[in-house]
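Participant: Please read through the structure below; I'll follow up with questions.
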Amino acid sequence: MTHHRPFVDIRHAQKCYGELEVLKDISLQVEQKQIVAIIGPSGSGKSTLLRAINDLDPLTSGEVWLDGVQVNKLLPHTQYEKHINQIRQQIGMVFQHFNLFPHLTVRENITLAPKLLKGISDDEANVLAEQQLEHVGLIDRIDYHPSQLSGGQKQRVAIARALAMKPKLMLFDEATSALDPELVEEVNQVMKMLAEEAMTMIIVTHEMGFAESVCDRVLFMDGGVVVEEGAPEVIFRNPTQERTKNFLRKHLEGVK
Amino acid sequence: MDIDLILRVYPHFLKAAILTIELSVLTAILGLVCGSLGAAARLSRFQALHFLGAAYVSLFRGTPALIQLFLLYFGGPQIGIQLDAFEAGVIGLGVNIGAYMTETIRGAIISVHKGQTEAARTLGMSSWQAMRYVILPQAFRLMVRPLGVNINALIKGTALVAAISVVELTYTAQRYIGSTYKPFEMFLLAGALYMVIIYITGRGISWLDRKVRIQ
């Protein structure tokens, strides 16, 4: 029997801020090409869990593995830096507040990391930027600065920037939460497109409709634990846990 | 007011003003070097460097610049540091203003939103690459104006080196008072020349600030 190795493997993740335990022994496996949504009230630990995957918020204890390599290895500082930079090149991350580099043009935002880290030439970098912008439908904004873009456009550029590193995994940390309602859809469209291209994705979101239509699995987190997980139709239509039902009911009222 | 006297002596004051400018430029350069090193030390992850940077700032901001100058110029020879007055002035004032610039530069760096570092590190950049290509270009824009304030203070601070007999503007004014007994005219002339220097510098800083802010 061959031993199965999950693509993303989080084992007994625990995270404490002083006395406060924000992640309580969470384990999560994600297979290649899977799309997993993490939902839950604010303060439930969902963003912390996501940020532990690329060690942006290091765990207090537990392990994170990506494609057979431990992400949060204990190494001497210099070795750890080298190791984590290597790993992070394979994990794209999209933030709630975009975090585009405001002093650079859209083109430069996309090409900075590939040029520095993959040593590609200016010509190759330009082709890469054009491809990525074509992909998210913003080729006409290539020489704009981030301040000249709408929120939705900024987020699409942020996605293009992450994709330019050719990641194996994409993490979305409330990618549409900071957007005006009418701009949410254009970002959702880009994420749907990635789903169709079989990108592995872990998505922290408040968009239940989006989670239901795009994701293979949904995790409901509350108080630092995974309360319930399953297929979207189960979690959204027939949740078994009281806390899940309460959250979804409140959320629905909030939306209306 | 003795206008004739002013017209007669002002070429000498202009020469002194040149020295004040030289002193200011060299002091500013040394201050920026000290400030950059100090800020790097204060932001270092090495505890010892961090402490050293903090000690530098509190020591030099916590004592009068005049005492630091006297200590260096008059006290220096006692411990084997022989400097002429101009050198002592540049080094004393430069290291002093460097302590203020340390805080200015550090403040600009830490006020760049932490999401910027996160985005850079998430793409796989090293902490140095993130600093060099993402944080510093943004911090530089934020520090132009406050560094301008430091430089303004430094220019006026050069008057202190009159006390160790560097023949700059203030010392020149004092010397001419000794021979003319006209302190009002002499100090007015010196003050006016300081103002011209500071005005021009201020315009330069504003220009630089606008230039880096566009986009």
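Participant: Within the set A:Lys166/B:Lys211; A:Lys166/A:Lys250; A:Lys192/A:Lys245; B:Lys114/B:Lys156, which residue pairs have Cα atoms separated by over 28 Å?
Facilitator: Check vs 28 Å cut-off fails for A:Lys166/B:Lys211; A:Lys166/A:Lys250; B:Lys114/B:Lys156.
Participant: Just how far, in whole angstrom, is the stretch A:190-256 from the stretch A:1-59 if you go by their alpha carbon centroids?
Facilitator: 15
Participant: Under the Karplus relation 6.51 cos²θ - 1.76 cosθ + 1.60, θ = phi - 60°, what is the ordered set of whole-Hz ³J(HN,Hα) values for the stretch A:66-73, x standing for Gly and Pro?
Facilitator: 10, 6, x, 10, 6, 6, 8, 5
Participant: Next question, about the same structure. Once you mark the chymotrypsin sites (Phe, Trp or Tyr not before Pro) that are in a DSSP loop and have at most 12 other Cβ atoms within 10 Å, what is the longest gap between them in chain B?
Facilitator: B:75-180
Participant: Related question: Quick check: Cα centre of the stretch B:102-177 to Cα centre of the stretch A:150-165, how many Å?
Facilitator: Taking the Cα centre of each part, the stretch B:102-177 and the stretch A:150-165 sit 33 Å apart.
Participant: Given a cut-off of under 8 Å on Cα pairs at least six residues apart, what relative contact order in percent is computed for chain A?
Facilitator: Normalised by residue count, the contact order of chain A is 25 percent.
Participant: Spelling out what I want: for every residue of the stretch A:132-146, take phi, set θ = phi - 60°, compute 6.51 cos²θ - 1.76 cosθ + 1.60 (Karplus), and round to whole Hz; glycine and proline get x.
Facilitator: Residue by residue, the stretch A:132-146 yields 5, 6, 4, 4, 9, x, 10, 4, 6, 9, 4, 9, 7, 9, x Hz.
Participant: Right, next: Just how large is the dipole of the stretch B:3-212 about the Cα centre, in debye to the nearest 20, putting +1 at every Lys and Arg Cβ and -1 at every Asp and Glu Cβ?
Facilitator: 680
Participant: If the viscosity is 0.890 mPa s and the temperature 25 °C, what Stokes-Einstein diffusion coefficient in µm²/s follows for the stretch B:11-104 when Rh is the Kirkwood radius over Cα pairs?
Facilitator: Roughly 174 µm²/s, to the nearest whole number.
Participant: Can you tell me, using C-alpha contacts under 8 Å and at least 6 residues apart, the relative contact order of the stretch B:3-212 as a whole percent?
Facilitator: In percent, rounded to a whole number, it is 28.
Participant: Let me ask something additional. Please arrange B:Ile21, A:Ile38, B:Ile110 by counting, for each residue, the other beta carbons lying within 10 Å of its beta carbon, fewest first.
Facilitator: Ranked by crowding around the Cβ, least crowded first: B:Ile110, B:Ile21, A:Ile38.
Participant: Based on the mean of other Cβ atoms within 10 Å per residue, sort peptides A:241-250, A:144-153 so the most packed one is first.
Facilitator: A:144-153, A:241-250
Participant: Here's a follow-up. Mind listing the long-range amide H neighbours of A:Tyr144? Cut-off is under 5 Å, sequence gap 5 or more, other chains count too, H placed in the peptide plane at 1.01 Å from N.
Facilitator: A:Val106, A:Arg107
Participant: Okay, next question. Over the Cα atoms, compute the radius of gyration (one decimal) and Dmax (the largest Cα-Cα distance, rounded to a whole number) for the protein assembly as shown, in Å.
Facilitator: 30.1, 106
Participant: Could you go through the stretch B:164-174 in sequence order and give the Karplus-derived ³J(HN,Hα) for each residue, using 6.51 cos²θ - 1.76 cosθ + 1.60 with θ = phi - 60°, rounded to whole Hz, and x for Gly and Pro?
Facilitator: 10, 6, 7, 7, 9, 4, 5, 5, 4, 4, 4
Participant: For A:Met221, which sequence-distant residues (separation of 5 or more, or a different chain) have an amide H within less than 5 Å of its own amide H, given hydrogens modelled in the peptide plane?
Facilitator: A:Ile39, A:Gly40, A:Val227
Participant: In whole angstrom, how long is each semi-axis of the equivalent ellipsoid of the stretch B:3-212, when you take the square root of 5 times every eigenvalue of its Cα gyration tensor and sort them from largest down?
Facilitator: After diagonalising the Cα gyration tensor, the semi-axes are 38, 22, 11 Å.
Participant: Where nothing but the Cβ of Lys and Arg (+1) and of Asp and Glu (-1) is charged, how large is the charge dipole of the protein assembly as shown around its Cα centre, in debye to the nearest 20?
Facilitator: Once rounded to the nearest 20, the dipole reads 960 debye.
Participant: Now a separate question. In deg cm²/dmol and to the nearest 500, what is the mean residue ellipticity at 222 nm of chain B if only DSSP H runs of at least 4 residues count, each as -39500 (n - 2.57), divided by the residue total?
Facilitator: Dividing the helical sum by the residues of chain B leaves -26500 deg cm²/dmol.
Participant: Now for a separate question. Could you tell me what fraction of 2.2 N^0.38 Å the Cα radius of gyration of chain A comes to, as a two-decimal ratio?
Facilitator: That works out to 1.02 for chain A.
Just so you know, all these numbers are worked out from the coordinates, no wet-lab data involved. Keep in mind that this is a model prediction, so the values were computed, not measured. Every residue, glycine as well, gets a Cβ built from its backbone with ideal geometry; the counts of neighbours run over all protein chains shown.
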